Structure formats: structure tokens, C-alpha cells
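Everything below concerns the one structure shown next.
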Amino acid sequence: MEKLHHINGQFTRGASTETIAVDNPANGQIIGHVPLGTPEDIDTAVQAAKSAFDAWKRVSASEKAELLHEASRKMRAHAHELIELLTREEGKPLSENEEEVVWTYSTFDYYAELGRHSRGRVLPSTEDGVLNMVIKEPYGVVGCIVPWNYPLLLLAWKVAPALAAGNTVVIKPSEMTPLTALQLCEIAFDHLPPGVVNVVTGDGRTGEALVRHPDVPMIAFTGSLSTGQKIASIAAPMMKKTHFELGGKDAFVIADDADPELAARAVAYAALINAGQVCTSTERVYVPQRLATRFTDQLVDLVKSLRLGDGMDAETDIGPMIGDKYRQKVIDHIADAKAKGARVLTGGRAPDRPGYFHEPTVLVDVNHSMKIMTEETFGPAIPLMTYDSFDEAIRLANDSIYGLGACLYTSDAKKARRFFEDVKAGTIWINDPLTDNYAGPFGGMKYTGGGRELGEEGLDEFRETKHVHWDIEARPKPWWLPYHKEVRP
């Protein structure tokens, strides 16, 4: 199966004859090829988006809302084929991809309505006869660089608010999961005016060409810290607006009043969904000394019971990782931890089978000298560290360059309040990890990046703010020059 670029409302071959092979991470078999986009392809897409912008920004909010709802309806009608292709391309179990597709089309419904009702506000004026307004305006062409771990959801979190705000978009999907992005565009956006939504497939060179293009005033990117820093260095001299979510090393603190069985189930979910390949995955777990044995036993038993397999199998709990280099990073982090004194209680190996599988792993006797506690692992590994006091737990949770999310399991309201006030992270989950809310902003602090997705904050990321001060009667002012003369109407 070969897919072409989606530019100006049509599929086109592009300037390059080179292609990128897309494989199934469950077995390594090639499932399709896409063009390796060139700077010329990026320019074609940007010019299409630029040409469409003036008309699109003037489409009424009500009409935009209906067009976005129609995109959602088309996604919903083709949900089954999107779920299956996503599972073959990215590896998550079918049930997880069903949730991703639901979130994807629901995001378009959410921003359809938020965009319908949000343009700015009227301010109290400083004098009679003067009108003051705050108007939110689109940037223009937005470059959306989408990662592989949630290739439809994170596309929607960028594209839906960007369109609702009146921007046009050029999407660069990950080279590992481009097929579902192209399928989504083919299904959902053919009713939009030509040039409003464009997709150019390719690798990091293609993405860099999008960042460098002078007619793209805003870049929205989810991915690694190192790539985000490179994008920032390119964008800064051109004063481009950047919207970053650059990863995390999320902590999960178990309070001393927690039920060990329920806490273990919560941790297993937060750490192992999508084989741990989630920006908000639990990557550090802190357990009080008095609960350590009971909690650890419960967690190990649960993890041992999970089934590793092809995401297309309905019985699978944990699918493959996306590729060998990502699996190797997990192997390296576990090896580093073991060399420094950590013990593996279950898992710890890459099984000898086709595909990019790694066993779900639980480690103990870890500390912050180990990579697995300080660097983003992005895989199915759960390191457990004990603590003596809640003060120590909060200090450990904050001991990271990242600040995306953090979890707490407790029934103590005082501990919950202390945690959400003192932990430096963009999202705090208490007793319900990794649950999102369309109306709640998502994003991080510190090295995780800047900007928010979802909620009204997510819409504002794609809008510039303009203040209008209007004297409706056009009267002369007594403070105008020259000062020594009386000014009369």
C-alpha cells in the first residue's frame, strides 16, 4: 500500500522519487511506503495553505463549526478501518486504538463548538464613547509536526484548534506512522476548501524544511527534548510562535494510606499503556516503606499476568514497541540500573520473537543515580523506590528536569492538596491516572516545553491577541499636541 502526499485537497506524488518504508512493529513486515518529502514538497504545501488562509479565516464561526463536525462524522463512520490501520502501523492493542480514534473525532467536535463561541471580549472603556475590544486572530499557516505514539490523537489536538481558530495547516506526521494520518485526511477533510489541510510525509529533514519555511509563522510540535531544542533554535531568529510538548519523566507517589492492590492496578495502567510509550507514562514510582512489600507483591503478580502480543489479537494486553532503537533504550536503562544495584523482579528481557517486543518489567532498589530514574525511558519498565516521609516523596517527585504530569494515590485530602500545590507539573492526577478532559489544558513545565493543548487554552495557543481601542465619535483630545493650545471639538 503506497500513500501520496495530501496537498491542496488532492493526493500528489511530490518532487522526490525516494520513499520511506513503513513496517508493522508486531512482526517487522513492510505494510506500505510513503514519499520522502523534499523542501519543494513543503513549499508546495505551504503555498497551498497560504493561498487558502485569507478565505478560511473569514468563514463564519458557525460554518466552521459545521465543517469540523462533518469531519468528525466522517471519522466516526470510518472508525473501524482507522483503528485497524493504526494497530498495524503503531502496535497498540485494538482496545487502546479504539479509544484513540474516539478521542480524535471527539476533539474536532469539542473545538467546533468552542470556536463557534470564542473570539475575544469587550473591555470596560476608559471614557464615554470609546469601545475597547480584545480580538483573537489566527496566525496563518501552522506547521503541525506529529509524533508516532498517538499519531491521530496528537494530530487532532493540533489541527482541530488550529482550524477552529482560522488557521490553515501543513501536517508532517512521523515517518513511522504516516499511513493513518494520510488515511484520516482522505476520509475526513475532502469537504474543506482546497489548501486548508495539507500533509507532507517524510523524515526529520522534511520537518526541518517546514520549520525553516518563511511563510509558516507557527510550529506545533510533540516529540523529544533534543528535537524541540533544535526546532527552537531554528525558529527563534524568525520569531516564530512555537508550541512544544517535549516529553516527561512522570512520578507516581503512593501515599501511606493507599490500598496496595488498587494502587498497584493504577500504577500498572499508568506505566504500561501503549507499552509505556506515552509522554505521561509513569516512569518513577515512590512507595512508603511500610507499604513497600505488599504493594510490590501486588504489582509483580499483576504484571506477570499481562499478555504480550500482537495488537490485532483481542487478548493482548501489551503490544510491541514502535522500533528496535526505542526497545534498545529500555534495555540500556535496565542494564544501567542493574549495574548500579537494582534488581529485576519480573520481565527485563526482549523475547526472542519477531517484532519489537519487550517484557513488562518491575525493578526495585533503584535511586536517582540511575538513568531509569532520570532519563525518559519510554518503554514498559516500572522502577520502584521507597521513601520515609511525604516531604521526601514530594522532593523526589520534583527531582527531574521534566514537569509534564504527576500522579498520587491517597484518600487523605491534606496530602492531595499538598501534592497538587507543591509538585511542579502541568497535570496532576489523584487516584485516576492519565485521564484527560477535553476542557482541561494539557501540557508541561520546565524542560517539558511551553504551551497547552485541549481546553480554551489549547485554542488560544493558535490565536494571536489584538487590542482594539476605538473612539466612535472621533473627537479631538485635550492632551494632543501642541500642548499650549486649547483643543475644541
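The values are calculated or read from the model by the stated rules, or taken from the named source; none is laboratory data. Note that this is a predicted model, so its numbers are computed, not measured. Quick reminder, even Gly has a Cβ in these numbers, built from the backbone with ideal geometry, and neighbours come from all protein chains shown.
So here's what we get for this one:
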{"quantity": "The range 318-341 - residue that is touching a Leu at 6+ places or on another chain (Cβ under 9 Å) and farther than 29 Å from Asp256 by Cα and, of those, surrounded by the fewest Cβ atoms within 10 Å (Cβ to Cβ)", "calculated": "Ile318"}
{"quantity": "Cβ-Cβ under 8 Å pairs, at least 6 apart or on other chains, the range 408-425 side within 21 Å of Gly248 (Cβ to Cβ) and not assigned by TED's automatic domain parsing to the domain that holds Ile394, far side outside any helix (DSSP H, G or I) and of a type outside the set (D, E, K, R)", "calculated": "none"}
{"quantity": "Some residue of the range 216-227 being buried (at least 16 other Cβ atoms within 10 Å of the Cβ), assigned by TED's automatic domain parsing to the domain that holds Leu153, part of a loop (DSSP other than H, G, I, E, B) and over 18 Å from the mean Cα position of the chain (by Cα)", "calculated": "yes"}
{"quantity": "Residue match in the range 400-408 (condition: touching a Gly at 6+ places or on another chain (Cβ under 8 Å), closer than 30 Å to Val122 by Cα and outside any strand (DSSP E or B))", "calculated": "no"}
{"quantity": "Filter result (out of contact with any helix residue (DSSP H, G or I) (no Cβ under 9 Å at 6 or more places or on another chain) and of a type in the set (A, V, I, L, M, F, W, C)) within the range 316-373", "calculated": "Ile331, Ala335, Ala339"}
{"quantity": "Criterion (touching a Leu at 6+ places or on another chain (Cβ under 9 Å), within 11 Å of Arg284 (Cβ to Cβ), crowded, with 16+ Cβ neighbours inside 10 Å and in the same structural domain as Arg395 (by TED's automatic domain parsing)) met by exactly one of Val366, Val344", "calculated": "Val366"}
{"quantity": "Unique residue being acidic (Asp, Glu), assigned to a helix (DSSP H, G or I) and either surrounded by fewer than 22 Cβ atoms within 10 Å (Cβ to Cβ) or not assigned by TED's automatic domain parsing to the domain that holds Gly341 (or both) when the list is Glu359, Glu392", "calculated": "Glu392"}
{"quantity": "Members of the range 267-288 found to be in a loop (DSSP other than H, G, I, E, B) and in contact with an Asp or Glu (Cβ under 8 Å, 6 or more places away or on another chain), listed by number", "calculated": "Cys279, Thr280, Ser281"}
{"quantity": "Candidates Arg307, Arg294, Arg290 - the one that is under 27 Å from Trp148 (Cα atoms), charged (D, E, K, R) and at pLDDT 95 or above", "calculated": "Arg307"}
{"quantity": "Selected residue [modelled with pLDDT of 95 or more, in contact with a Leu (Cβ under 7 Å, 6 or more places away or on another chain) and not aliphatic (A, V, I, L, M)] from Pro441, Pro433", "calculated": "Pro441"}
{"quantity": "Of residues in the range 181-215 being among the β-branched types (Val, Ile, Thr) and under 27 Å from Trp103 (Cα atoms), the one surrounded by the fewest Cβ atoms within 10 Å (Cβ to Cβ)", "calculated": "Ile187"}
{"quantity": "Residues (part of a loop (DSSP other than H, G, I, E, B), touching a residue at least 24 places away in the same chain (Cβ under 8 Å) and more than 26 Å from Gly403 (Cα to Cα)) located in the range 441-489", "calculated": "Ile472, Glu473, Arg475"}
{"quantity": "Unmet requirement for Lys136, which otherwise passes all of (1) in a strand (DSSP E or B); (2) touching a Phe, Trp or Tyr at 6+ places or on another chain (Cβ under 8 Å); (3) surrounded by fewer than 24 Cβ atoms within 10 Å (Cβ to Cβ)", "calculated": "(2)"}
{"quantity": "Output for the range 19-35, where each listed residue is β-branched (Val, Ile, Thr) and over 15 Å from Met312 (Cβ atoms)", "calculated": "Thr19, Ile20, Val22, Ile30, Val34"}
{"quantity": "Subset of the range 8-56 (residues that are among the polar types (S, T, N, Q), in a loop (DSSP other than H, G, I, E, B) and either at positive phi or in contact with a helix residue (DSSP H, G or I) (Cβ under 9 Å, 6 or more places away or on another chain) (or both))", "calculated": "Asn8, Ser16, Asn24, Thr38"}
{"quantity": "Residue list for the range 249-266, filter: aliphatic (A, V, I, L, M) and either without any contact (Cβ under 8 Å) to a residue 24 or more places away in the chain or in a loop (DSSP other than H, G, I, E, B) (or both)", "calculated": "Ala255, Ala258"}
{"quantity": "Meets criteria (more than 19 Å from Tyr438 (Cβ to Cβ), in contact with a strand residue (DSSP E or B) (Cβ under 8 Å, 6 or more places away or on another chain) and either of a type in the set (Val, Ile, Thr) or not in a helix (DSSP H, G or I) (or both)) for Glu175", "calculated": "yes"}
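So that you can scan it fast, the table gives a plain yes or no per residue for (1) under 23 Å from Lys92 (Cβ atoms); (2) touching a Ser or Thr at 6+ places or on another chain (Cβ under 8 Å):
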{"position": "Thr177", "(1), (2)": "yes, no"}
{"position": "Gln183", "(1), (2)": "yes, no"}
{"position": "Pro214", "(1), (2)": "no, no"}
{"position": "Gln229", "(1), (2)": "no, no"}
{"position": "Ala271", "(1), (2)": "yes, yes"}
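Residues checked against (1) surrounded by fewer than 19 Cβ atoms within 10 Å (Cβ to Cβ); (2) of a type in the set (Phe, Trp, Tyr):
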residue	(1), (2)
Lys64	no, no
Ala71	no, no
Leu82	no, no
Arg88	no, no
Lys92	no, no
Glu99	yes, no
Tyr105	no, yes
Ala112	no, no
